[in-house]
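The structure under discussion appears below in the form of structure tokens.
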Amino acid sequence: MSVLSSPHFHDEAKAYEYLESIVWADGVTCPHCGVTGGRVYDLSGVRTKPSAKNPEGKVRHGLKKCGECRKQFTVKVGTVFEHARLPLTKMLQAVHLIVSSKKGISSHQLARVLEVQYKTAWFLAHRIREAMRSGDLAQPFGNGGGAVEVDETYIGFKRDVPTRRGTAHKHGVVALVDRESGQSRWFKIDSCTADQIHPIVLDNIAREARLMTDEAKMYRKIGRQFAEHGTTTHARNEYVNPKDRTIHTNTVEGAFSIFKRGMRGVYQHCGEQHLHRYLAEFEFRYNTRQANGIDDKGRAVRAVEGIVGKRLTYARPDREQIG
């Protein structure tokens, strides 16, 4: 049986039950007054106003009423799915398709699979990417003296910047990978310079960590602030230090290879205002990959868990609205 044969992918009522089991795992929370575990009433059988398309009105699945503030709500209120006109079944299908596609899935492909318009699929994909964005900086990488790899790369083209030799016309990306935990963090930067990269490294890596970089000069000074700074000289085709085989940046470069294949082969074009959200998508899939013990179903659950407290409007999809 296919994974997409699950009831919550085809039955709207089951879809709401599935979403409620994840979002309200600790009890129903009213998004209006914030009360958890208070008086909540199920409003079954309620329909929308009649229309030409639906003369009897559509059933409002998952509708509830808070006994404290007396307001109605569903599990979608206060999430990136709020005010979405698509059936919840299709949105959950889109979540599974995006999290299970190693290099991503284009909005055109998503539109064909879900049988929706391209603009609908494009905006839905951005909603899901926003759900994937964590922004978790609580725990620095490399605690306990572990190795942390840092590298930068370039992608795409900047608008209104002439194409020339070098990288001034490209978007900069820096990534950190903690070998011990298998976790990564990705950041969009204006340029791959010390002023841009040093604060990211200092904020996200513990001082007792072993810092692993290539031979770039900008890492020499900051490397002295860590327990060890190992480098490899790529200019001499050296990708593993011959004296210490643990000194390399092959892990982060492997993550970059998946990112670039996805951006060039699947998405092809990406505006600078949206790049941070594509980075969140690839960071999420990398951190929840099979090697970390998470399969496609578990990855989908984690993506759905991230929908709470985030909003994204079609008018301004280049930035998130929190709350």
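The values are calculated or read from the model by the stated rules, or taken from the named source; none is laboratory data. In this text, all values refer to a predicted model and were calculated from it rather than measured experimentally. Backbone-built Cβ (ideal geometry, glycine too); neighbour counts: all protein chains shown. Heads up: the accessible areas ignore ligands, DNA and RNA and are worked out on the full protein's heavy atoms, side chains in. Shrake-Rupley method; radii C 1.70, N 1.55, O 1.52, S 1.80 Å.
General remarks:
- Calculated log₁₀ intensity ratio I(q)/I(0) where the Debye formula runs over C-alpha points of the stretch 31-125, q = 0.18, 0.22 Å⁻¹: -0.93, -1.09
- Gain upon complete extension [residue 117, residue 181; 0.36 nm per residue less C-alpha separation]: 19.1 nm
- Cβ-isolated cysteines (cut-off 4.7 Å), the chain: 192, 270
- Most mobile of 214, 160, 178 in a GNM of the chain (Cα contacts under 10 Å): 160
- Among the listed pairs 217/260; 65/297; 158/297; 65/102; 14/71; 53/102, those beyond 29 Å (Cα-Cα): 65/297; 158/297; 65/102; 53/102
- If the chain linking residue 273 and residue 77 were pulled fully straight, counting 0.36 nm for each residue of separation and taking away their Cα-Cα distance, it would gain 68.0 nm.
- Calculated FRET efficiency for the pair residue 244/residue 296, C-beta based, R₀ 35 Å, to 0.05: 0.40
- Accessible solvent surface per residue of the stretch 6-50, calculated while the other protein chains remain in place, 1.4 angstrom probe, Å²: 62 Å²
- In the chain, helices alone account for a calculated mean residue ellipticity at 222 nm of -9500 deg cm²/dmol, with every DSSP H run of four or more residues adding -39,500 (n - 2.57).
- Most mobile listed residue (153, 213, 36) in the chain, GNM with C-alpha springs under 10 Å: 36
- Full extension of the chain between residue 193 and residue 164 gives 8.6 nm of extra length, using 0.36 nm per residue less the Cα-Cα distance.
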